[in-house]
Amino acid sequence: MFIAEETARAIVSEMKSVTGRDINLMNGSGTILASTDPHRVGQRHAGAEQLLRTGQDKLVVRQDDSSAGTRRGVNLPIHMDGQTVGVIGITGPPEQVEPLGSVIKRMTEILLREARRQEQETLLEGARQCFIETWLFSDHADQGDLELRGRLLGIDTTQAWTVVILEVDAPEEAAGTPEDLREMRNARYLKHIQPYLRGEDGALCAVVNQRILLMYHSRGRHALLAALDRLRSELESAFSARICGGVSAQGRRGLEVRRGYQEARTACLAARSGGGILFYNQVSLEFLARSIPAAIRRDLFRQVFGSCPERERQELLETVRLYFQYDGQVDRMAQALYVHKNTCHYRLQKLKEKTGYSVHNPRESVLLCLCSLFAGLEES
């Protein structure tokens, strides 16, 4: 096993903090990779070379020997998967540091295993990221090849997938954020997201085209929205950011997932104006709203909301948006607003009183929904 210098430095620093002793970590050839004495890094260590050559369990050095590059202390081999991969050395009077030897050796091996696990996870995530980009965008993707590569990475492309795209409106982006910095920021958000996905069966996450992409095995709409709302709330709280998102239709398999990506992207675009999470089949009125000339949109909006003062108008528009976002479920509206459900009933009644239109009347509700979309288009 190759020991990275960065890993070696971290281990030496940790061992120093635990023992208060000077520590050296040598690689499989006996060269000092990291040391609490920076001048010794890169030097050969005769004691480590002897240990590696003879296969001893321990080498105690009683006296300093500058010509051999050794100082008094104890040196122990580091084992990984049945192989000796390096040597850990503790400098100091042998009678004082020798009792620490077995503990330091064990801790070093544990830290190396953890470093290797993290490295493997990083490599796996990188491979999955490349696979997802090929799956979604490559002009030369072959279904059979995708299935084979996917299985090697633990991704079943033959299952039904739901695609989710999240966009982050962070405070620091007010003046504009370069794309490379935005992608780094999204990668930081992904790292925060990943623990929440471990309980999800086979869920995937990646940064694609500056957007956070999530992929779930198809599940119930309400269960998925509840999970996404929790995740959105967590991100908004942790990073003081505004999150919107779009969700594709369910049941996309193989290369059809590309269509799911476009659906999620369209839904996310529609969600920008009002925030929250939108499903693709909630976006059909968005297309209709965009196709109506701006002058007619403004006339219709004034017809419905023209008599409302600006502050009341914003509250009423939010009420309309949430009512349709949560399919008329007042309990869920109240949760999103952090208010009692009776407050939502009051706001819906106030909407009727101020505009003359009710969400409970099918013909009137369509116009209210369109007006909320018109307002979003004007803002954007």
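Where a number appears in this text, it was derived from the coordinates with a stated rule and is not lab data. On a predicted model such as this, the values are computed, not experimentally measured, just so you know. Cβ placement follows ideal geometry from the backbone for every residue including glycine, while neighbour counts extend to all protein chains displayed.
Points to keep in mind about this one:
- Cα shape, region 259-380, gyration tensor, a/c 1.5 rule: oblate
- Partners for LYS58 among lysines (Cα-Cα distance below 30 Å; same-chain residues under 8 apart left out): LYS16, LYS105
- Amide H contacts of ARG252 (H built 1.01 Å from N, in plane; Pro and chain starts excluded): TRP161 sit under 5 Å, all sequence-distant by 5 or more or on other chains.
- Region 5-108 shape via C-alpha gyration tensor axes, a/c threshold 1.5: rounded
- R0 of 45 Å, Cβ-Cβ distance GLN303-ARG151: FRET efficiency to nearest 0.05: 0.20
- Cα gyration tensor shape for region 159-280, rounded if a/c is under 1.5, else prolate or oblate: prolate
- Two-site label geometry, HIS217 and GLU5: point separation in nm, points 7 Å out along Cα→Cβ: 4.5 nm
- Cross-link reach list, lysines versus LYS350, counting only Cα pairs under 28 Å and skipping chain neighbours closer than eight places: LYS341
- Legend: ranking of residues CYS205, CYS308 from fewest to most surrounding C-beta atoms inside 10 Å; resulting order CYS308, CYS205.
- Nearest-0.05 FRET efficiency for ILE110 and GLN143, computed from C-beta distance (R0 51 Å): 0.75
- Residues of region 6-37 falling in the label zone of ARG72, defined by backbone nitrogen less than 16 Å from a point 7 Å along Cα to beta-carbon, are 22.
- From the coordinates of this entry, P(r) over Cα pairs in 20 Å bins from 0, in percent is computed, and it appears in (1) 30, 58, 12, 0; (2) 24, 51, 23, 2; (3) 23, 35, 25, 13, 3 under the label (3).
- Longest DSSP-loop-exposure-free segment, trypsin sites (Lys or Arg not before Pro), the chain, at most 12 other Cβ within 10 Å: 199-380
- Per-residue ellipticity at 222 nm, computed for the chain from helices alone with -39500 (n - 2.57) per DSSP H run of at least four residues, works out to -17500 deg cm²/dmol.
- Per-pair calculated FRET efficiency, R0 = 30 Å: LEU337 and ILE296 via Cβ, rounded to 0.05: 0.45
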